[in-house]
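Everything on this sheet refers to the single structure shown next.
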Amino acid sequence: MSKKNIYVTQPYLPDLNEFMPYLESIWENKILTNGGPMHESLEKELCEYLGVNEIALFNNGTIALLTALQALRITGEVITTPYSFVATAHSLLWNGIKPIFVDIDPVTLNIDPDKIEAAITPQTTAIMPVHCYGNPCDIERIQEIADNYNLKVIYDAAHAFGVTDKGGSILRHGDLSAISFHATKVFNTFEGGAIICPDKKTKVRINNLKNFGIVDETTVVAPGINGKMSEINAAFGLLQLKHVDKTIQRRKEIDENYRNVFAGLKGITVVPQSGQVDANYAYFPILVEDEFRMNREELYDYLKKHNVYSRRYFYPLISDFSMYKGMKSASKENLPVANEIARKVLCLPIYPNLTNEEQQKVISLILG
Ligand SMILES: *Cc1c(COP(=O)(O)O)cnc(C)c1O
């Protein structure tokens, strides 16, 4: 077998020559940032591609999340999931908001709507669910609860580029959605992110907040931050957008291959999709069940020994990191499902340039 390392993901990069005209244009006009022509074009093209009303680009997904919370003036307590990348809860702490962790659904691995109401207190102002692995949350139930209790909903949609339901992009749901264009995501601009918002008025507020709160030369209306995406990242996004359908198609083939092979394999559960019309095949999570010939840690080490670098997304749970661990909602008793899944989950390599031979190697190692 080949000795070449196989990682859980590898960023897609178009041919470098294709990027040169974009760079020449930037060098020509000398606009490097602050909403230049590349930035404006990417916002427009992403709105069209994704089918959403308004998009505000950011320098990364975390600053987009922070700003989304600021834009809606969220305070107090926010209900969220422990089963995510740590930036989800960090965005709350950075805003002085207390995260309240609620357990996940054992099938979708997204926040369990049945458990949200019990976590609501007079301090609760919002829910921050995550479309984990690009699988949509139970959007209707979450909105129903939010409406009943007068809460805002901000989706951490970092994984959800290009995912649709019957009505279109899942990014249109909630009050706001934040997405990431980090190197490891389905659509990347090296670093980058965005807030998807329903109307122009909200977008103007977000635009102010991402540029220090500046409105004009003599007016600053809010303690904003520097969240702007540069022209070089935006230009790269414009080029990536030309390739993204092809890369998602290749991810789909890899996903189908894995699913077919593991369908009958005892001890391996493939995490199912959760009702999306278009998936993005961002991750390929499996659960290593107790009846498998080795446990998750052993399989992880075994693959690594053979140069296959799978990842334990999401282990440890966010609620197990030191800055969250002491909170009442972070206890193991409050989060039995999340703790079980974190113990069993393993994400397998999936990315556009993964070859059939490389995928076959991963499969053979797991089949034994
Ligand atoms: C990647 C990611 C983020 C952070 O996005 P960055 O662009 O890396 O700042 C936030 N939440 C989730 C769930 C992520 O996977």
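A few notes on this one:
- Relative contact order (%) - criterion: Cα under 8 Å, at least six apart; region: the chain: 23
- Distant-in-sequence amide H partners of Asn110 (H built 1.01 Å from N, under 5 Å): Asp105
- Across Lys4/Lys242; Lys185/Lys242; Lys4/Lys252, pairs whose alpha-carbon gap is larger than 19 Å: Lys4/Lys242; Lys4/Lys252
- Shape box of region 1-114 [Cα atoms, principal axes, largest first, Å]: 53, 52, 27
- Karplus-derived 3J(HN,Hα), 6.51/-1.76/1.60, for each residue of region 315-324, Hz, glycine and proline x: 9, x, 5, 4, 5, 9, 6, 4, 6, 10
- Here the residues Phe101, Phe321, ranked from fewest to most Cβ neighbours within 10 Å of their Cβ, fall in the order Phe321, Phe101.
- Sorted peptide list for 129-137, 7-15, 79-87, criterion being average Cβ within 10 angstrom, highest first: 129-137, 79-87, 7-15
- Long pairs among Lys152/Lys203; Lys115/Lys266; Lys98/Lys325; Lys115/Lys332, criterion Cα-Cα beyond 19 Å: Lys115/Lys266
- Val261, Val78 arranged by Cβ crowding within 10 Å, fewest neighbours leading: Val261, Val78
- Structural descriptor for region 244-367: relative contact order 32 percent, calculated from alpha carbon pairs under 8 angstrom and at least 6 residues apart.
- Ascending count of other beta-carbon atoms within 10 Å, so fewest first, for Ser177, Ser331: Ser331, Ser177
- Extension reserve of the Glu28-Asp147 stretch, reckoned as 0.36 nm per residue once the Cα distance is removed: 37.8 nm
- Dipole magnitude for region 36-172: about 320 debye, using +1 per Lys or Arg Cβ and -1 per Asp or Glu Cβ, origin at the Cα centre.
- For Phe314, no residue whose modelled amide H falls within less than 5 Å of its own remains once neighbours fewer than 5 places apart on the same chain are excluded.
- Averaging over all projection directions, the Cα-based convex hull of region 16-239 occupies 12.6 nm² in the image plane.
Throughout, read-outs are computed from the coordinates displayed, never taken from laboratory work. Just so we're clear, the structure is a prediction, and the values are computed from it rather than from any experiment. With ideal geometry, Cβ positions are generated from the backbone for all residues, glycine too; neighbour counts draw on all protein chains shown.
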